[in-house]
Amino acid sequence: MHSNVPDAPDVPKVPKDLDPSIKILQIEITTNCNFRCLYCSHALDPQVFPESNNECNGLADGISNGLAEELDENYMSVKTFGNLARTSFGELDRLILYGVGEPLTHPHFIPMLDIARKYLPDHAQIEFTTNCSLLAPALLDQILPYRIHRIIVSMDTPFIVKNQEFRPGFTASIQDNLIYLGEQQRAGKIDIVAIESVISKVNLHDLPYLVDFCHEIGISTLYFSHLLPFSQDMLDQLLFVPVSKAAFDIMVNIVENGWEIINQLILTPSYIKIIEADKHPRIQHIFTRMDEARKNKIDVDLHKLTIMFQKVPQIQETYRVFEQVKNRAQQWGITVEIPPLFVDPERRECPFGARDALFITVDGNIVPCYNLARPHTLFINEHERVEHPYILGNILTMPDSITKLLATPEYIALAERLKNLPNAVPWCGDCIYSTQNCFYVKDNSGDCYGNQLGCNECLYSSGFVRCLFD
Ligand SMILES: C[S@@+](CC[C@H](N)C(=O)[O-])C[C@H]1O[C@@H](n2cnc3c(N)ncnc32)[C@H](O)[C@@H]1O
Ligand code: SF4
Ligand code: SF4
Ligand code: SF4
């Protein structure tokens with residue numbers, strides 16, 4: 001561990017009792033998909049997510065009632081879903097059908113809704129996120145009697161051709177399906193119909209038009225999420241910076257006040273001599289700003305100076321477009337949720353931990369969140385990071401409820417930590433070691449506080465990337 005690492009706070013490690021409470025289950029009923037969106041694991045990892053042998057549009061053609069029909073490993077079986085429902089749905093507030101796949105390609109989607117309603121408490125909400133390609137009016141009419149609280153439709157721009165470019169598989173009929181969805185909401189048959197849009201450089205300037213589009217077709221809610229960067233190319237598309245606004249402002253101010261001097265300092269092997277000998281007021285300015293930052297307990301990673309400075313025009317433009325989006329949304333009475341441009345390390349929140357939510361993968365693994373479902377690579381803080389799965393158990397071998405399975409000191413301690421993220425988990429974005437090969441940023445096996453699961457660079461907890469909406 002580095003000698004200068006941020007102080008690990010004194011967080012209680014021993015759980016007080018063994019009574020985990022699970023209020024939300026997010027279940028991946030299939031990893032199959034009829035789209036290949038450019039930024040999704042489906043397009044980026046075709047070996048992990050091959051085209052399924054099963055018929056994709058079984059649902060669209062009419063609901064399959066042959067529940068015994070053989071499904072491949074890309075689908076959760078009705079039996080498994082049923083066992084889970086029987087043992088673990090009884091105390092839920094919310095069931096979310098969401099994963100790396102299109103839920104409506106599951107041929108037994110409706111029987112699963114039937115089971116869910118049978119075992120969920122009456123007040124519990126059901127929702128799902130869909131690419132909407134299969135959600136024609138006839139299917140929606142069969143789904144809505146199951147009292148669906150919310151349907152979220154993914155769409156990145158109002159322009160059909162552009163959607164087809166980012167989201168191969170996209171068809172013009174999605175717009176008709178959306179119009180019908182909006183009508184059903186106005187008729188009181190569903191609480192919320194929303195569009196979810198992934199923001200990156202390629203669609204930034206379409207966002208205000210997306211608000212207009214929502215108004216025109218009668219959709220009242222719009223959620224935005226930044227892009228989760230699985231590759232270097234995607235990193236270049238991002239419209240946020242994983243540092244605090246205070247650190248960003250200091251870095252920009254330093255660069256504006258003496259870029260050439262800084263360059264010399266960074267590039268000259270004997271830079272210490274320059275620092276010691278030089279009385280240049282601009283160097284003094286840098287020291288003054290750094291002193292102020294230290295006094296105000298703001299960590300500034302000077303290795304990021306160039307990168308942050310290059311980001312300034314983009315961040316300013318994104319801010320301008322976000323303001324435009326907010327104004328239009330207010331004008332049309334549309335609810336919008338916009339992610340931040342900077343991180344506030346003190347306000348990080350694990351979306352799953354904070355809501356007593358868990359994620360279940362298609363193969364039955366119980367994991368703390370969507371991010372920890374399967375291995376993938378993330379690009380952040382100028383380095384590559386491997387996110388390993390973190391499996392708490394499996395529903396296929398679980399005779400009892402999830403709550404009982406998780407009644408272990410290890411899980412309770414993890415749940416407690418995830419509820420107390422700002423104090424219990426460091427944030428690497430502003431730390432000087434994040435760009436300097438810190439041992440704890442190569443993967444998510446741990447962090448410099450000694451935690452054995454590393455949530456120290458989680459883009460969900462910082463609010464940049466969303467997969468669970470309130
Ligand atoms: C994985 S999809 C699954 C549900 C359904 N197939 C759909 O597209 O709505 C869920 C959401 O994740 C978003 N998504 C996919 N890849 C992403 C990435 N790299 N970063 C941020 N969001 C992403 C999609 O746009 C979609 O809104
Ligand atoms: S429709 Fe959803 S699951 Fe399918 S490729 Fe696109 S984002 Fe991924
Ligand atoms: S990786 Fe992020 S979302 Fe997952 S458990 Fe950790 S903080 Fe929560
Ligand atoms: S980069 Fe992150 S894990 Fe490494 S010392 Fe800094 S805060 Fe800790």
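Would you say Ser231 is hydroxyl-bearing (Ser, Thr, Tyr), surrounded by fewer than 18 Cβ atoms within 10 Å (Cβ to Cβ) and over 24 Å from the mean Cα position of the chain (by Cα)? Please lay out each step first, then the result.
Working: hydroxyl-bearing (Ser, Thr, Tyr): yes; surrounded by fewer than 18 Cβ atoms within 10 Å (Cβ to Cβ): yes; over 24 Å from the mean Cα position of the chain (by Cα): no.
So Ser231 does not fit the description; no.
Yes/no per residue for (1) aliphatic (A, V, I, L, M); (2) under 21 Å from Ala136 (Cβ atoms); (3) surrounded by fewer than 16 Cβ atoms within 10 Å (Cβ to Cβ):
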residue: Leu71; (1), (2), (3): yes, no, no
residue: Ser77; (1), (2), (3): no, no, no
residue: Thr80; (1), (2), (3): no, no, no
residue: Arg86; (1), (2), (3): no, no, yes
residue: Leu97; (1), (2), (3): yes, yes, no
residue: His108; (1), (2), (3): no, yes, no
residue: Ile115; (1), (2), (3): yes, no, no
residue: Lys118; (1), (2), (3): no, no, yes
residue: Gln125; (1), (2), (3): no, no, no
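So is Ala373 away from ligand 4 (no atom under 16 Å from the Cβ) and of a type in the set (Gly, Ala, Ser) or not? Here the answer is yes, as Ala373 does meet what is asked. Reported count of residues in region 313-365, each being over 27 Å from Ala424 (Cβ atoms) and not β-branched (Val, Ile, Thr), is 19. In summary, Glu382 fulfils each of the numbered conditions (1) more than 16 Å from ligand 4 (Cβ to nearest atom); (2) at pLDDT below 95 with the single exception of condition (1). So if I check each of Phe166, Phe89, which one is touching a Leu at 6+ places or on another chain (Cβ under 8 Å) and closer than 20 Å to Ser41 by Cα? Answer to the selection: Phe166. Candidates are the residues of region 188-204 that are surrounded by fewer than 20 Cβ atoms within 10 Å (Cβ to Cβ) and of a type in the set (D, E, K, R); the one that is nearest to Phe230 (Cα to Cα) is Lys201.
Could we say that Pro6 is farther than 30 Å from Asp122 by Cβ and at pLDDT below 60 here? Spelling it out, it is not the case that Pro6 is farther than 30 Å from Asp122 by Cβ and at pLDDT below 60. Within region 365-389, the set of residues being surrounded by fewer than 20 Cβ atoms within 10 Å (Cβ to Cβ), assigned to a loop (DSSP other than H, G, I, E, B) and touching a residue at least 24 places away in the same chain (Cβ under 8 Å) comprises Glu382, His388, Pro389.
For the condition away from ligand 1 (no atom under 16 Å from the Cβ) and either out of contact with any Pro (no Cβ under 7 Å at 6 or more places or on another chain) or aromatic (Phe, Trp, Tyr) (or both), what is the one hit in Ile395, Ile412? Walk me through how you get there before you give the answer.
On the way: Ile412 fails: either out of contact with any Pro (no Cβ under 7 Å at 6 or more places or on another chain) or aromatic (Phe, Trp, Tyr) (or both).
After ruling out the rest, the residue left standing is Ile395.
Scanning region 22-63 for residues that are within 14 Å of ligand 1 (Cβ to nearest atom), in contact with a Leu (Cβ under 7 Å, 6 or more places away or on another chain), modelled with pLDDT of 85 or more and assigned to a loop (DSSP other than H, G, I, E, B) gives Ile29, Tyr39. Taking every residue in region 273-302 that is closer than 14 Å to Phe248 by Cα and surrounded by 12 or more Cβ atoms within 10 Å (Cβ to Cβ) and pairing it with any residue that is modelled with pLDDT of 70 or more and among the acidic types (Asp, Glu), at least 6 positions away or on another chain, the pairs with Cβ-Cβ distances below 7 Å are Asp299/Asp430; Val300/Asp430; Asp301/Asp430.
Cβ-Cβ distances below 6 Å connect the following pairs, each with a first residue in region 448-470 that is within 16 Å of Leu418 (Cβ to Cβ) and of a type in the set (Ser, Thr, Tyr), a second residue that is within 13 Å of ligand 4 (Cβ to nearest atom) and in a loop (DSSP other than H, G, I, E, B), and a separation of six or more residues or different chains: Tyr449/Ala8; Tyr449/Pro426; Ser461/Arg348; Ser462/Val343; Ser462/Arg348.
Conditions tested, residue by residue: (1) away from ligand 2 (no atom under 16 Å from the Cβ); (2) hydrophobic (A, V, I, L, M, F, W, C).
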residue: Asp430; (1), (2): yes, no
residue: Tyr433; (1), (2): yes, no
residue: Gln436; (1), (2): yes, no
residue: Phe439; (1), (2): yes, yes
residue: Asp443; (1), (2): yes, no
residue: Tyr449; (1), (2): yes, no
residue: Leu459; (1), (2): yes, yes
residue: Ser462; (1), (2): yes, no
residue: Leu468; (1), (2): no, yes
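The values are calculated or read from the model by the stated rules, or taken from the named source; none is laboratory data. This one's a predicted model, so the numbers in the text were calculated from it and none came from an experiment. Using ideal geometry, Cβ is built from the backbone for each residue, glycine included, and neighbour counts are taken over all protein chains shown.
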